[in-house]
Every structure is written in C-alpha cells, then in structure tokens.
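These notes are about the structure you will find just below.
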Amino acid sequence: MVKGRVHSIETFGTVDGPGIRFILFMQGCPLRCKYCHNRDTWDVKGGTEYTTDEIIEQVKKYSSYMKFSGGGLTVSGGEATLQPEFLKDLFKKAQENEIHTCLDTSGFVNIDVIDPVLDYTNLVLLDLKHMVPEKCKDLVGVSIDKTLEFAKHLSDRNIPVWIRHVLVPGITDDIENLELMGKFISTLKNVDRVELLPYHTLGVHKWENMGFEYELKDVPDATKEDIEKASKILAEFGVIAHNK
C-alpha cells in the first residue's frame, strides 16, 4: 500500500492544466522560493497521509466533470517529485481509470528518479524560475541546471509540456533572463504552451502567520504592461506566451 503526505486538495481547479482538474498539493519542497505562496508546504513531515487508493476514489467522484471539460488529475506541491513512488502509483492508477495525468514541478529532480513516473504522465507543467544560474540560486536556493536537464529529457521523450514563469518585477523580468528563456524554449520540440504568471503578494500573510519574514514585501505586483513587455522579448525567439 503506497502512501504519500498531502498538503491540501482542490477539487475544481481550472488554472493548473487543461479543463476542470482535481489538484493534489503534495507536502514537502527542496526549494526555498522567496515568492512562494505555499510556505506551509516546505516541511516534509507536515500534511496528511493518504494512500493512492484513497486519492483515486476521491478523484473518480469528479470524473464526469473532468471528461466533459478535457480535464484530469494534477499533482503539484510543494514539490511532488519528492514522493516519486506515490506519484508513480497514483498516475498509473489514474490512467487505468482513463484519467488524464499532469505533473506540476520545478524540475529539480534526478532523471533516474523521475523517469518511471513519466511513463504514466500525460502532461508536465514546468516552472522555469530564473535562467541565470546565480540569480536562480539567490531566488529559490538552487541552480536552474537540473531543471534544464529535465526539460531536455522531456523533449527527448516527447512528453507534452507547458512552460510557466513567474514574472517578478525587478527580479525575473530582466532582458538577460527572458532572452535566455526564449532561446532555450525554442530548442524544445514538445512545448504546447508558455504561460507568464504575474507575481502577486497574496501569500505574504502565510509567511507572517508562520513567523517568517517575507523578503519581497516591497516588490510590487506585476502589471499587465510588465507581462506584455516580457511577451515581446520571448516572441523574438518565436515563443508565444499566454498571459495570465
């Protein structure tokens, strides 16, 4: 019986993959993103333990809505790949029940660990944090290298990908980052969609309630103009962004 630690569940999600989706937010994350809006997911010992069978039984209750809308099951985090055995078993059972599977990840994972999960993954939502290695490490605590390696592997396996990038004014909206991103994405053959997600401060209260200082409290929310400007830079490389 395979078990995993779950932070929370959303039953009618519409922004994390196509259609209406059952979204499972897993507990635990190796990254330390300064703009994280789920600060309470970091602790690997937190959350509630579920078996894959328990989750599948819940997901099946919404199967008619998901099939009608072209939706399915999305597993997010935290970082879902920290629990690969649970993820593999869950996705396998989902596909056996004709449920579309989607992995939302930072890509900070070893290929040999994630490869068995990818056998049962229909779509990957891949978050590119910052393309400049030292700036990425300052922003989220780790380099972008593993994510880029993972992205190339997904392309080699021809697994559909939606690339996502949080546009943080003064941090991730610089020309160097966006040009490197556009150039890199243009080399991948499996990208179905690119999304620019405007930075917001809605998660600040979670940090404060947990007694932690939110370093980016003085950074303004990204505007429509910020998104449009970034989109134009990506477009120079043939990358068309779908703006949120």
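The values are calculated or read from the model by the stated rules, or taken from the named source; none is laboratory data. Since the structure is predicted, the reported quantities are computational estimates derived from the model, not experimental observations. Cβ coordinates were reconstructed from backbone atoms using ideal geometry, including for glycine residues, and neighbour counts include every protein chain displayed. Quick note on the areas: whole protein, heavy atoms, side chains included, nothing else; ligands and nucleic acids left out. Shrake-Rupley method; radii C 1.70, N 1.55, O 1.52, S 1.80 Å.
Here are the numbers for the structure shown:
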| quantity | calculated |
| --- | --- |
| Any cysteine of the chain lacking a neighbouring Cys Cβ under 4.7 Å - listed by number | 29, 102, 136 |
| Neighbourhood net charge (15 Å Cβ-Cβ; Lys/Arg +1, Asp/Glu -1) for residue 201 | -2 |
| Part-to-part distance (alpha-carbon centres) for the range 99-125 and the range 184-213, which is given in Å | 18 Å |
| For the range 170-187, 3J(HN,Hα) per residue [Karplus equation, 6.51 cos²θ - 1.76 cosθ + 1.60, θ = phi - 60°, Hz, x = Gly/Pro] | x, 10, 10, 9, 6, 4, 4, 4, 5, 5, 4, 5, x, 5, 5, 4, 5, 8 |
| Among the listed pairs 60/137; 34/146; 45/93, those beyond 28 Å (Cα-Cα) | 60/137 |
| Built amide H within the under 5 Å cut-off of residue 142, gap 5+ | 32 |
| Whole-percent carbon and sulfur share, accessible surface of the chain, 1.4 Å | 50 percent |
| Helix-only CD estimate at 222 nm, as mean residue ellipticity for the chain, using -39500 (n - 2.57) per DSSP H run (n ≥ 4) | -10500 deg cm²/dmol |
| Probe 1.4 Å, accessible area per residue of the chain, Å² | 47 Å² |
| Mean Cα-pair separation over length for the range 3-236, i.e. relative contact order, pairs under 8 Å, 6 or more apart, % | 18 percent |
| Gaussian network model of the chain, springs between alpha carbon atoms under 10 Å - residue of 152, 61, 92 with greatest fluctuation | 61 |
| Residues whose placed amide H lies under 5 Å from that of residue 8, excluding near-sequence neighbours | 25 |
| Cα-Cα over 23 Å, subset of 129/229; 206/229; 3/129 | 206/229; 3/129 |
